[in-house]
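The values are calculated or read from the model by the stated rules, or taken from the named source; none is laboratory data. Quick caveat, the model's predicted, so the values are computed rather than measured. FYI the Cβ positions are ideal-geometry reconstructions off the backbone, even for glycines, and counts take in every protein chain you see. Surface accessibility is based on the protein's heavy atoms, side chains included, excluding ligands, DNA and RNA. Shrake-Rupley method; radii C 1.70, N 1.55, O 1.52, S 1.80 Å.
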Amino acid sequence: MNELVVQGLNKTFGAVKVIQDVSFKVAAGSLTTLLGPSGCGKTTTLNCIAGLESPDKGLIRVGDLVLNDMSRHHNLPPEARQLGMVFQSYALWPHMTVRDNLNYGLRLKKVKQAEANRRIKDVLEMVGLGELSGRYPFQLSGGQQQRVALARAVVTQPRLLLLDEPLSNLDAKVRENARAWLTEFQKRLGITTIYVTHDQSEALAMSDMIAVMSKGKLIQYGPPGEIYEHPTSRFVAEFIGDTAFLEGTIAGQTNGGVVVQLHGNQSLTVDTDQPWRTGATATVTIRSERVEVDTEKRHQSNIIEADVRTSLYLGAKWQHTVETLAGEMKVETLSAINTNKLWLYIPPTAMILMAPEEARSEEAAPSIP
C-alpha cells in the first residue's frame, strides 16, 4: 500500500526558511490537503515530494520507495518517482489531441500500444471525455481541460497523485461541481493524493486530513471536523471560518465548564473538559454561525448585548458585524435585522477556550500520528 511519509522536511531559498521541520503521514488511498495562505510553504512542500525542488533536510517515502533521504544524499529525479501531477495551469500540450496528451507519458514508460489504448479508453470514459479524445485543448472548456489533466496524471498508474490548486481557474459554479466530481474520482481510484489549496471550504469538503501551514511550519494536522471544531491556535481558528476572539479571566468553575469574566463586566459559561485555574487569563473563541440572535431575551445566561455596525446580504444568509463591550463579533442570520441593537445568545458548547500562548502563537508543532 502506498502510504506517504514526510519526515523533518526543511527547505531554504537564500536566507529564507520556506519549510521548517514539516512532518506528516498520509494513509494509503486517502486525500490530504495542504492548506494555508500564499507563501506558507504548501506548494514548495508539494514540489519537494514531486522532485521539482530538492529539500535541504528530510525524508520522503511512498510505500517502500524512498524519494528523498537527505541524510544519505539520496534524491530521486522526478521521472523515477512514479507520481502523477496536475498543475494549476493544467500544462496540457497545446499541439496534441486529448488522446495524444494521455499517450505521451505511456510512451515514455514504454507501455505497449495495445495496453496504452486500453488504459486511455478506460480513463477517458471514467472522466466523461470518451467522445472528445480527438479534440485539442483549445477546443475544450476549462472544466474539460481540468479532466484531461487529471486523466493524463492517472493513466500511468502512479503511486501518488499530486494536485496543485487544480480548480482555481474554474468559475465559482463549475468549481463547486468539480469538487464533488474530483472527490468521487479520487475515491473510486483509491489513489493516495496530496491536494494544495488556500480555499478553506474546498479543504473541508474534500479532505480526509488537513495540514494547516503558516510561515513554513505545519501548525495543525487532523481530520476536517477536528481542524474546524478544535483549532489548537488562533491562527487556525482565524484562517478557517469566521471567528471572534473575546478576552477574559476565569472567574470560577461549573459542572462541566468554567465561567469567563469578559471585558465590560459580562460573563459567559463555557463547556470544557480541560482544567482551568481561577484567575487565569483566557481567550474565548466563537464561530459566527454558532451565535444566536435573541431579540426577546429568552435566555437568562450567556447573553451579550451588541450594536449592529454593518450588514451584508449574501443570498442564502445575512452576515452582520456587531460591537459588544467585550469586542467585535460576526453574526449570521437567515433574514434581515431591522434594529441596531441585539441580544446575542452563545451556547456553552459553541465556544473554545484558548490559553494566551495558543491565542497569540503559531510556533508550536502539532503531534503527528
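So the values come out like this:
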| quantity | calculated |
| --- | --- |
| Fraction in percent of alpha-carbon pairs per bin - 10 Å, the chain | 5, 21, 25, 21, 15, 9, 3, 0 |
| Degrees separating the helix 98-108 axis from the principal Cα axis of the chain, which is the longest one | 70 |
| For the chain, size of Cβ-based charge dipole, Lys and Arg +1, Asp and Glu -1, in debye | 1600 |
| Highest average packing first - 20-28, 283-291, 132-140, 39-47, Cβ atoms within 10 Å | 39-47, 283-291, 20-28, 132-140 |
| Segment 72-130 - Rg over Rh from alpha carbon coordinates, Kirkwood radius | 1.04 |
| Distance (nanometres) between label positions extended 7 Å along Cα→Cβ at Lys25 and Asp271 | 3.2 |
| Whole-Å distance, taken between Cα centres, linking segment 23-69 and segment 86-117 | 25 |
| Set of lysines near Lys297 by C-alpha distance (under 25 Å), chain-local residues within fewer than 8 positions excluded | Lys317, Lys330, Lys341 |
| Accessible surface, segment 284-325, averaged per residue in Å² (probe 1.4 Å) | 56 |
| Protein accessible area in the chain, 1.4 Å probe - carbon and sulfur % | 50 |
| Charge tally in the Cβ shell below 14 Å around Leu132, where Lys, Arg are +1 and Asp, Glu are -1, Leu132 excluded | +2 |
| Residue-averaged 222 nm ellipticity for the chain, from DSSP H runs of 4+ at -39500 (n - 2.57), nearest 500 | -7000 deg cm²/dmol |
| Percent of Cα pairs exceeding the 25 Å cut-off, where the set is segment 1-126 | 37 |
| Assigned charges on the beta-carbon of Lys, Arg, Asp, Glu; segment 1-150 dipole about Cα centre (debye) | 220 |
| Dipole of segment 215-369 [Lys/Arg +1, Asp/Glu -1 at C-beta], most positive-end residue of Trp276, Ala350, Gln266 | Gln266 |
| Degrees, to the nearest 10: 172-189 long Cα axis against longest axis of the chain | 60 |
| Considering only the chain, percent of DSSP beta bridges that pair antiparallel, nearest 5 | 80 |
| Value of Rg to Rh for segment 105-155 (Rh from inverse mean 1/r over Cα pairs, i.e. Kirkwood) | 0.97 |
| Angle in degrees between helix 142-154 and the longest Cα principal axis of the chain, rounded to the nearest 10 | 60 |
